[in-house]
1. Output wanted: per-residue J couplings in Hz (rounded whole) for segment 156-170, from phi through Karplus 6.51 cos²θ - 1.76 cosθ + 1.60, θ = phi - 60°, x for Gly and Pro.
2. Under a 1.4 Å probe, what is the accessible area of the chain per residue, stated in Å²?
3. Whole angstrom only: what separates the Cα centroid of segment 23-99 from the Cα centroid of segment 123-144?
4. State whether segment 15-77 is rounded, prolate or oblate according to the following rule on the C-alpha gyration tensor (a ≥ b ≥ c being the square roots of its eigenvalues): a/c under 1.5 gives rounded; otherwise a/b larger than b/c gives prolate, and the remaining case gives oblate.
5. Asp167 accessible area, nearest 10 Å², 1.4 Å probe?
6. Using a 1.4 Å probe on the protein chains only, how many percent of the accessible area of segment 32-172 belongs to carbon and sulfur?
7. Under a no-solvent Debye model with one identical scatterer per Cα of segment 5-129, what's log10 I(q)/I(0) at q = 0.13, 0.16, 0.17, 0.22 Å⁻¹?
8. List every residue whose amide H lies under 5 Å from the amide H of Lys65, counting only residues 5 or more places away in sequence or on a different chain, with H placed 1.01 Å from N in the peptide plane.
Amino acid sequence: TLDPELTALGDDSTKPADVRLDALSARVSGKPLSAPAFSFVRSQFAPDSPAATRGAAAAILPRSKLDAAQRAAVVDLLHASGPIEIGRLIESLATEPSEPIGKKAVQQLADAKGFSGLRFDQLKAWLARFPAPVQAAGEPLLTRLNQDAGKQKARLETIASQLPKGDVRRGQAVF
């Protein structure tokens, strides 16, 4: 396995950020992130970082075994996270769900910039991994997401009613 070499490459601050992210992404799932590697990955969530960089950094976290301090630091990222990375950030918190982390995460998600990037089913499954008090605290978030789904459904129905009717036989001939 190349894990030691990939980890060393991810920890090497003299290497370009994209190389370090790629190295950390290629590691075997379930391995802990060293303090320097975690600090580097966390720094990639800066608001001025490109979306692709934030997405690549977010993909590393759920695949890594995070300690309690690292999970707490991930919670702090939720508020400013965008729709691309927010789902993966919450995934990284569910590996060892605890009430304090869950409650703080729910508070951060309530005002998160990228909240709309979450899917109802994703948030529901995530909350189900946490104790009952966290699930109760997360109910308003589920309600909010479900309302958005209702608006989306109404909009799609409006658009669909404005479309011309299709010809099934012509469609079959084309495809």
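The values are calculated or read from the model by the stated rules, or taken from the named source; none is laboratory data. Everything quoted here is computed from the prediction, not taken from an experiment. Neighbour counts are summed over all protein chains in view; Cβ atoms, including those assigned to glycine, are modelled from backbone coordinates with ideal geometry. Calculation scope for accessible area: heavy atoms of the full protein, side chains included, ligands and nucleic acids excluded. Shrake-Rupley method; radii C 1.70, N 1.55, O 1.52, S 1.80 Å.
1. 5, 5, 5, 5, 4, 5, 8, 6, x, 5, x, 10, 4, 5, 5
2. Details: 10090 Å² over 175 residues.
For the chain, the per-residue accessible area is 58 Å².
3. Centre-to-centre (Cα) distance: 21 Å.
4. Numbers: a/c = 1.73, a/b = 1.15, b/c = 1.51.
It comes out oblate by the Cα gyration axes.
5. Solvent-accessible area, nearest 10 Å²: 90 Å².
6. Working: 4330 of 7850 Å².
That fraction is 55 percent.
7. The Cα Debye sum returns log10 ratios of -0.47, -0.72, -0.81, -1.31.
8. It is Gly30, Lys31, Leu33, by chain and number.
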